[in-house]
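**Q** Before I ask anything, let me first share the structure, which is written out below as structure tokens.
Bear in mind that the values in this text are calculations on the coordinates, not laboratory data. Nothing here was measured: the structure is a model prediction, and the numbers come from that model. FYI the Cβ positions are ideal-geometry reconstructions off the backbone, even for glycines, and counts take in every protein chain you see.
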Amino acid sequence: MSRAVIAGYARTPFHFARKGKLAGVRPDDLAAIALRGLVTRLGLEPALVEDVLMGCAYPEGEQGTNVARIATLLAGFPDTVAGATINRFCGSSMTAVHYAAGQIAIGAGEGFICAGVESMTRVPQGGFSFSRIHGSEGRIHRSRSFQSRRMSPWVRPQKT
């Protein structure tokens, strides 16, 4: 059984959501910068990477596609390098590490990059808003954002 080791790491800067200096930067672009930086610092040929496993807790908006695959291609990796986005909410990036270690242990690959990506600035916020709205007399109102308007036509809201 092969043993997995962590050979290096890279990270991007971070800033305040919605108002910070990175608010205009797409998450896949930022992830591509980290991927390029990592392989450059390690002197690693990107073609040797089997898969880029990227955790993303909120895969919506610009990070709603397979952000790992998009970032891999944006980083200039060959199209033979796979990319998979993993969503386990707060455990997404750690799950990526576990998947890669498991693949190495069973001999299904030798070189993986595990990463995490998130840009809360650029994720559409939806669902329920439990904050008190001015003039609502303390009632809870349903959010009128992106997600709540895109409900499946087969789902009927329950009457309360």
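**Q** What does the net charge come to around Ile113 if you take all other residues with beta carbon closer than 15 Å to its beta carbon, with K and R at +1 and D and E at -1?
**A** Working: positive: Arg11, Arg36, Arg41, Arg69; negative: Asp28, Glu45, Glu50, Asp51, Glu110.
After counting each charged neighbour, the total is -1.
**Q** Would you mind calculating the gained length between His98 and Ser2 on full extension (0.36 nm times residue separation, minus the Cα-Cα distance), in nm to one decimal?
**A** On the way: separation 96, 0.36 × 96 = 34.56 nm, distance 1.41 nm.
The span from His98 to Ser2 would gain 33.2 nm if fully extended.
**Q** Please pull out the direction-averaged projected area of region 1-133, using the convex hull of its alpha-carbon atoms, in nm² to one decimal place.
**A** Here the figure is 9.0 nm², rounded to one decimal.
**Q** Quick one: Val123, Val5, fewest Cβ neighbours within 10 Å first, how do they rank? Can you show the working numbers first?
**A** Values: Val123 20, Val5 7.
The order, fewest Cβ neighbours first, is Val5, Val123.
**Q** Can you pull the one-decimal nm distance between simple spin-label points at Leu42 and His15, each 7 Å off the Cα toward Cβ?
**A** 2.9
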